[in-house]
Amino acid sequence: MDNRIKTLFEQKPQGLLSVYFTAGYPNLEDTVPIILELEKNGVDLIEVGMPFSDPLADGPTIQQSSDIALRNGMTITKLFDQLKDIRQKTQIPLVLMGYLNPVMQFGVERFCKMAKEVGIDGIILPDLPLADYVREYKEIFEQNNLSKIFLVTPQTPEKRIREIDSHTNGFVYMVSSASTTGSTTGKAVTNTDYFQRVRQMELRNPSLIGFGIHDNDTFSQACQHAKGAIIGSAFIKALAQEGSLQENIQTFIQSIRK
């Protein structure tokens, strides 16, 4: 089952930069401009956050961006509407990240079908248990050529990681620590034993490291232990700076890639 995520990892096996942002933040109609600007500045993969009022795994920065996006009027329906022509503008791999509750309210089958229609490549739902996914949703995801990406943490047992690896395609999202996003500063990439342990398992899927990656130093460290890294909170903070969207994105990505 080829999709853009798989192709990306084949074409660029190392040093991938994935960036997360919340759809509808800072302004409701910023979603597509941010995607295009990130691609222009050399980002490899983009995670578009679907705002939710009770985001368990998110730190204060992403929670606040979610609150603002919801107040701006962002919904899953609105997001699909914004993305309906995205594949005429870019072929960058796109992943939707959010929580199970709004997706279930929208309808899982309908959600997957619309995600496929607009050209989404993968889905991350941190609160969807693996067993539920396999039992109820895996077939729907695969029919719509959507990679279901799971998170693993330093506490995830090897058996569980192997199970996740067998039921997913795309990449394994390695959470650098068992905390919320954006809660570490300077200590992001200290779990080298855990990273080595996962690497030695020789999983089918490549890995990206997320949570706490916020500058060139933490990005470079993460790239030594995985195929690349995911940046979220630090990018959302950059979007909130004074100045134009273009300037803020360019300055931030250059600071990571320097």
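For the chain, a/c is less than 1.5, where a ≥ b ≥ c are the root eigenvalues of the C-alpha gyration tensor. That puts it in the rounded class.
Expressed as a whole percent, the accessible area of segment 1-121 that falls on carbon and sulfur atoms is 50 (1.4 Å probe). In the context of the full set of protein chains, residues of the chain present 44 Å² of accessible surface per residue (probe radius 1.4 Å, heavy atoms only).
Calculated from DSSP H runs of 4 or more alone, at -39500 (n - 2.57) each and per residue, what is the 222 nm mean residue ellipticity of the chain, nearest 500?
Rounded to the nearest 500, it is -12500 deg cm²/dmol.
Would you please classify the overall shape of segment 69-201 from the alpha carbon gyration tensor, given that a ≥ b ≥ c denote the square roots of the eigenvalues, rounded means a/c under 1.5, and beyond that prolate means a/b larger than b/c while oblate covers the rest? The shape class here is prolate. Could you tally the net charge around Glu117, taking each other residue with its Cβ under 14 Å from the Cβ of Glu117, Lys/Arg +1 and Asp/Glu -1? So the surrounding residues net to +1. Averaging Cα coordinates gives a centre for segment 184-256 and one for segment 6-26; these two points are 11 Å apart.
Taking Cβ atoms as reference points and 14 Å as the exclusive limit, the residues near Gly98 contribute a net charge of -2, counting Lys and Arg as +1 and Asp and Glu as -1.
Charges were assigned to the Cβ only: +1 to each Lys and Arg, -1 to each Asp and Glu. The resulting dipole of segment 34-185 about its Cα centre is roughly 180 debye. If the limit is 27 Å between Cα atoms, which of Lys113/Lys258; Lys12/Lys40; Lys12/Lys258; Lys40/Lys138 go over it? Table pairs above 27 Å Cα-Cα are Lys113/Lys258; Lys40/Lys138.
Loop sites by DSSP among the GluC sites (Glu not before Pro) of the chain, restricted to those with at most 10 other Cβ atoms within 10 angstrom, leave 1-201 as the longest stretch without any of them.
A cut-off under 13 angstrom between Cβ atoms defines the neighbours of Ser66, and their net charge, with Lys, Arg +1 and Asp, Glu -1, is -2. In loop segments of segment 49-104 as defined by DSSP, the trypsin sites (Lys or Arg not before Pro) with at most 14 further C-beta atoms inside 10 Å of their C-beta are Lys84, Lys89.
The shape of segment 60-146 comes out oblate: with a ≥ b ≥ c from the C-alpha gyration tensor, a/c is at least 1.5 while a/b does not beat b/c.
The values are calculated or read from the model by the stated rules, or taken from the named source; none is laboratory data. All values reported here derive from a predicted model rather than from experimental measurement. FYI the Cβ positions are ideal-geometry reconstructions off the backbone, even for glycines, and counts take in every protein chain you see. Each accessible area value is taken on the protein alone, full model and side chains, heavy atoms only, with ligands, DNA and RNA left out. Shrake-Rupley method; radii C 1.70, N 1.55, O 1.52, S 1.80 Å.
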